[in-house]
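To start, the structure under review is shown below, and the notes come after it.
The values are calculated or read from the model by the stated rules, or taken from the named source; none is laboratory data. Keep in mind that this is a model prediction, so the values were computed, not measured. Because the Cβ atoms are built from the backbone with ideal geometry, glycine has one as well, and the counts that use them run over all protein chains shown. Only protein heavy atoms, including side chains, enter the accessible area calculation; ligands, DNA and RNA are left aside. Shrake-Rupley method; radii C 1.70, N 1.55, O 1.52, S 1.80 Å.
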Amino acid sequence: PSALGLCKHLEFLNIDDTNIEGTIPEEVCLLTQGNNDLQIQADCSPDKATAVPFIKCDCCKFCCDHNTHECKAESDEQPSDIDDQHTTSTIASNSDVTRTQAMEKLEVEVLHRGATFNEMASDDPRQLALNWILDEDGMGLDFNARNFIQRYTLALLAYSLDSQAWGVTGDETVNLRVVESNFSWLSSVDECSWYNVTCTSGVVTGLWLDEYSLIGTIPPEISRLVQLDFISFRRNCLYGTIPSEMGQLSTLTYLRLQENALSGTVPDSIFG
C-alpha cells in the first residue's frame, strides 16, 4: 500500500518470496531517496520465461527471482547484448587510443633516428618492449606516469641484449623473462629494484652488468636514461658500435665496455 510511504523511519522492506504482485508505490520509492536509507528487496527480477517481473519496482536495492528465490543487487544486473557489445567496443576503442598515445609519446621522447613503431618488425626489441610495458607488465603503468619512459627504456635494453642470457644473482640464476626473483628484470616490481640497477630518488643513475653473457647491440635509446652516472657492461658479448647518442649523457662519469666484441671508435660526443 502507498501508505507505507508515511513510515519515514523505515529502513528495510523485504517482500520477496511472497505472492505480492503489482508495483511498488511511488510514495514508498521516495523513502529510498535523499536522506532516507530505505532498502527494498522484492521479486522484481524478470521472469526467465516471460521476461516480466513478478512485481515492478524502480527503486529496489535487491531484486529476486520469484521462482528460484535468487537475489542480487540492482547493480549486478547483467547488461543486454547491445549494452555488452557497446561496453566491449568502448573498452577496445579506449585501449586503441591509449596505445596510440603511448606510441606517439615514445616515438617523440625515446626513439632515435626517426624510428616509428609502425615501420618496425614484430621482433624488433623496441616493439617487444612496447608490447611488454603496455600488455604484460604487472605494474600496469599509465603512459603519463613519471617513470614510464625510464621503465620502457630499461625494458628495451633487456630485449636488445638477449634477456634470456642474463647471468646470476648470487647463487640464483636469473632469466629476465621469468619473475621467480624479486630482482628479475621485466618483473612487476619497481625498476629501481631490478638487479644491479642503481637509482637515486627513483631515477636510474647506474647500470652495473659485468660478465652477464649479454648478447646484442647497445641501443641508442640508452641515452634517454639521462641521469646515468656510470655504465659497466664489461666482459659480455656486445657487438656493433658504441652509439653516438651516448654523448647526450651529460652526467656520465664512468663507462666500462672492455672485453666485448665492439668495433669502430669511441664517438667524440662521449667526451663532451
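Assorted remarks:
- Annotation note: of 268, 229, the sole residue that is of a type in the set (D, E, K, R) and more than 30 Å from the chain's Cα centre (by Cα) is 268.
- Filtered residues of region 54-73 (kept if open to solvent by 30 Å² or more (accessible area, probe 1.4 Å) and part of a strand (DSSP E or B)): 56, 62, 71, 72
- Selection within region 238-250: residues that are surrounded by fewer than 16 Cβ atoms within 10 Å (Cβ to Cβ) and more than 18 Å from residue 124 (Cβ to Cβ). The member of this set that is farthest from the chain's Cα centre (by Cα) is 241.
- Residues that are surrounded by 13 or more Cβ atoms within 10 Å (Cβ to Cβ), assigned to a helix (DSSP H, G or I) and of a type outside the set (S, T, N, Q), drawn from region 110-144: 117, 125, 126, 128, 129, 130, 132, 133, 134, 136
- Residue pairs meeting the criteria (Cβ under 6 Å; at least 6 apart or on separate chains; first free of Cβ contacts under 8 Å to residues at least 40 places away in the same chain, in region 251-272; second among the aromatic types (Phe, Trp, Tyr) and open to solvent by 90 Å² or more (accessible area, probe 1.4 Å)): 261/239
- For region 12-41, residues that are at pLDDT 75 or above and touching a Leu at 6+ places or on another chain (Cβ under 8 Å) total 11.
- Counting only residues that are open to solvent by less than 40 Å² (accessible area, probe 1.4 Å) and without any contact (Cβ under 8 Å) to a residue 40 or more places away in the chain, region 96-109 holds 1 of them.
- Tally of residues being in a loop (DSSP other than H, G, I, E, B), at negative phi and either of a type outside the set (A, V, I, L, M) or modelled with pLDDT of 85 or more (or both) across region 145-185: 15
- Members of region 247-272 found to be in contact with a helix residue (DSSP H, G or I) (Cβ under 9 Å, 6 or more places away or on another chain), outside any loop (DSSP other than H, G, I, E, B) and within 16 Å of residue 208 (Cα to Cα), listed by number: 255
- Hey, residue 211 touching a Ser or Thr at 6+ places or on another chain (Cβ under 7 Å) and not polar (S, T, N, Q) or not: no
- Selected residue [surrounded by fewer than 18 Cβ atoms within 10 Å (Cβ to Cβ) and either at positive phi or in contact with a Ser or Thr (Cβ under 8 Å, 6 or more places away or on another chain) (or both)] from 203, 226: 226
- Enumeration of residues in region 12-53 that are open to solvent by less than 70 Å² (accessible area, probe 1.4 Å), touching a Ser or Thr at 6+ places or on another chain (Cβ under 8 Å) and either hydrophobic (A, V, I, L, M, F, W, C) or assigned to a helix (DSSP H, G or I) (or both): 28, 38, 40
- Residue in region 211-218 that is open to solvent by less than 20 Å² (accessible area, probe 1.4 Å) and at pLDDT below 95 present: yes
Residue by residue, here is whether (1) within 19 Å of residue 3 (Cα to Cα); (2) over 38 Å from the mean Cα position of the chain (by Cα) holds:
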{"residue": "31", "(1), (2)": "yes, yes"}
{"residue": "41", "(1), (2)": "yes, yes"}
{"residue": "44", "(1), (2)": "no, yes"}
{"residue": "49", "(1), (2)": "no, yes"}
{"residue": "52", "(1), (2)": "no, yes"}
{"residue": "56", "(1), (2)": "yes, yes"}
{"residue": "60", "(1), (2)": "yes, no"}
{"residue": "63", "(1), (2)": "no, no"}
{"residue": "68", "(1), (2)": "no, yes"}
